[in-house]
Amino acid sequence: MPTILILIGLAILPVVLLTIYIYHKDKFGKEPFGMLVRAFFAGCLSVVPAIFLETWLMGTHLAAASEGSVLYYSLYHGFVVAGFSEELSKLVLLFIFIWGSKHYNEYFDGVVYAAVLSLGFAGVENISYVLGSGDFTSSLYTALLRAAVSVPGHFLFGVAMGYYLSLAKFEKRDHSSNLFKTLFVPLMMHGTFDALIFSRTLLSEYNPVISLALFGLFIYFDIKIWKAGKRRLTRMQMKSEVQHWENYQYNDDDGPEMA
């Protein structure tokens, strides 16, 4: 039992750390704890429709046809099975649980909620992978690898989703375009992320040179999405600051108060 608790703790640790990180990035009007729990629970719940959708997609003729080609398999399972199923499930739950909340009233809020929701998904997924890896050594390796790669990946997909969701919510210009990007951008990120991992893994035994090149390409891609994520965080912080002070009205008698 203690071993299982240690592995669960290791699986959850990167989720907790990234949740704390995004919470402290919210400079104006911290989100209520109850709303963060709600977003996290929605992320955990989004695993259910994602599993059903992934199971159905893996049973199609397209999935069967992909078995004969590394490229086809990697693209189909990366973009369609994993990327589409998981990001669509997260977005639907984000709309159901968060979109209409009165607490979602600033640009940066969308990033916080989408990131926390994605981390809820990543937490459940991480526990299942870590506990399903077999012996303790394999599980420990899986926990460390996913802490460095997969959980931050889900976090960054969530940042992108929340970024475009807030643009769609608070800006009338390009509303439809931003709403489309709310799914499309994290889907493209997720698909590329997984496709590079799948293809590199499949080729590792047969063509180590190409596998190594794909590993280098993955590292490059990972650095790029981290930089893009930090830019999105900074832009949303700036927009929230402007929004915060625009909503701040001064009352001559009572002093400053929120509108």
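Within the range 201-259, being at pLDDT 95 or above, closer than 20 Å to LYS30 by Cβ and among the β-branched types (Val, Ile, Thr) holds for one residue alone: THR234.
As for the range 67-77, it holds at least one residue that is at pLDDT below 95, part of a helix (DSSP H, G or I) and not hydroxyl-bearing (Ser, Thr, Tyr). Could you tell me whether any residue of the range 165-186 is buried (at least 24 other Cβ atoms within 10 Å of the Cβ), over 13 Å from the mean Cα position of the chain (by Cα) and farther than 14 Å from LEU91 by Cα? No: zero hits. The C-beta contact set for the range 192-204 (first residue free of Cβ contacts under 8 Å to residues at least 24 places away in the same chain, second residue aliphatic (A, V, I, L, M) and buried (at least 20 other Cβ atoms within 10 Å of the Cβ), distance under 7 angstrom, 6+ apart or interchain) comprises ARG200/LEU214. Pick from the range 42-69 the residues that are touching a Phe, Trp or Tyr at 6+ places or on another chain (Cβ under 8 Å) and touching a residue at least 40 places away in the same chain (Cβ under 8 Å): which of them is surrounded by the most Cβ atoms within 10 Å (Cβ to Cβ)? Going through the qualifying residues, I end up with GLY43.
The single condition among (1) more than 16 Å from the chain's Cα centre (by Cα); (2) assigned to a helix (DSSP H, G or I); (3) in contact (Cβ under 8 Å) with a residue 12 or more places away in the chain that GLY29 does not satisfy is (2). Does TYR104 satisfy the condition of being hydroxyl-bearing (Ser, Thr, Tyr), more than 15 Å from the chain's Cα centre (by Cα) and outside any helix (DSSP H, G or I)? Here the answer is yes, as TYR104 does meet what is asked. Scanning the range 70-103 for residues that are free of Cβ contacts under 8 Å to residues at least 60 places away in the same chain, surrounded by fewer than 17 Cβ atoms within 10 Å (Cβ to Cβ) and in contact with a helix residue (DSSP H, G or I) (Cβ under 8 Å, 6 or more places away or on another chain) yields a count of 3. Among the listed residues ARG231, ARG235, identify the single one that is loosely packed, with under 14 Cβ neighbours inside 10 Å, of a type in the set (D, E, K, R) and assigned to a helix (DSSP H, G or I). When all the criteria are applied, what remains is ARG231. Scanning the range 130-147 for residues that are of a type outside the set (D, E, K, R) and touching a residue at least 24 places away in the same chain (Cβ under 8 Å) gives VAL130, LEU131, PHE136, SER139, LEU140, ALA143, LEU144, ALA147.
Evaluate the following for VAL112: is it within 14 Å of the chain's Cα centre (by Cα), β-branched (Val, Ile, Thr) and at pLDDT 95 or above? It is true that VAL112 is within 14 Å of the chain's Cα centre (by Cα), β-branched (Val, Ile, Thr) and at pLDDT 95 or above. Looking across the range 119-146 at every residue that is buried (at least 20 other Cβ atoms within 10 Å of the Cβ) and among the small types (Gly, Ala, Ser), the one that is farthest from the chain's Cα centre (by Cα) is identified as SER139.
The values are calculated or read from the model by the stated rules, or taken from the named source; none is laboratory data. Model, not experiment: these values are computed from the prediction. Backbone-built Cβ (ideal geometry, glycine too); neighbour counts: all protein chains shown.
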